[in-house]
Structure formats: C-alpha cells, structure tokens
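The values are calculated or read from the model by the stated rules, or taken from the named source; none is laboratory data. Since the model is a prediction, treat every value here as computed from it, not as a measurement. Cβ: placed from backbone, ideal geometry, glycine included. Neighbour counts: every protein chain shown.
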C-alpha cells in the first residue's frame with residue numbers, strides 16, 4: 001500500500017529505518033528534483049532569483065535547506081509544493097526524521113541528503129556552462 005504524499009511522491013512507508021533512508025537518498029532526491037523541475041524550473045540555476053548557495057546548503061537547518069533557500073523556509077516550501085510535512089518532504093529528499101532538531105542518528109542522513117543535492121545542482125550547473 002502506498003501513502004500519497006503529494007505530486008507523485010509516493011512511498012510504501014514513510015517511517016524508514018536508518019538503513020532504508022540512507023540507501024534511498026538518490027531516489028528520494030530524484031523525486032524532489034522532478035517536483036522542483038515541474039513547479040519551479042529554474043530552481044538550480046545560479047542566476048535564479050533565489051540562487052541556492054552550495055556552500056551554505058545544509059539539510060540540518062531549515063533556512064539553509066533546499067526548500068529553505070528557495071521558499072525562505074522549509075514549511076513554506078512544503079505548502080507551495082503541496083507536500084505533507086513529515087511525509088511528502090521526506091520521500092522527496094527535502095527532509096529526514098528529526099534533521100532540523102539534530103536528534104541522534106539523523107545527522108548522517110541529513111548530510112547525505114545535502115551531499116546528493118549539491119551533486120545534482122553542480123552537475124546541472126556544469127552542463128549549462130558548457
């Protein structure tokens with residue numbers, strides 16, 4: 001059974017184990033990328049109005065997260081993208097369990113999400129520059 005979490009971001013279970021969460025980072029970020037491409041096509045560009053700072057991108061901090069940098073804060077981004085906070089944002093790689101509170105075990109997942117988002121954005125920016 002799938003839980004609908006907004007705009008095609010579906011998850012068979014939204015309470016992922018740490019191992020499942022880490023293994024699914026690329027897949028989750030790919031879902032988020034697809035959603036942002038649909039809703040805000042220039043989200044990754046350097047010359048975008050909000051321009052994501054790769055050095056400042058931290059999924060452990062709401063204002064520094066992908067949605068925080070695009071929409072001013074994580075929750076506003078969820079509302080703009082019609083994502084259920086704590087479910088849809090997680091399955092789309094925008095959030096991990098307790099990433100903003102820094103509870104045990106979740107910082108590694110948040111760092112892995114940050115790294116994957118940076119990789120995707122760098123790749124797109126490099127392709128556009130050539």
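Brief remarks follow.
- Where helices (runs of 4 or more DSSP H) sit wholly within the stretch 1-103, those with at least 2 residues that are at pLDDT 90 or above and closer than 18 Å to residue 118 by Cβ occupy 25-39, 66-71.
- Cβ-Cβ under 6 Å pairs, at least 6 apart or on other chains, the stretch 69-97 side closer than 16 Å to residue 25 by Cβ, far side at pLDDT 85 or above and assigned to a loop (DSSP other than H, G, I, E, B): 89/83
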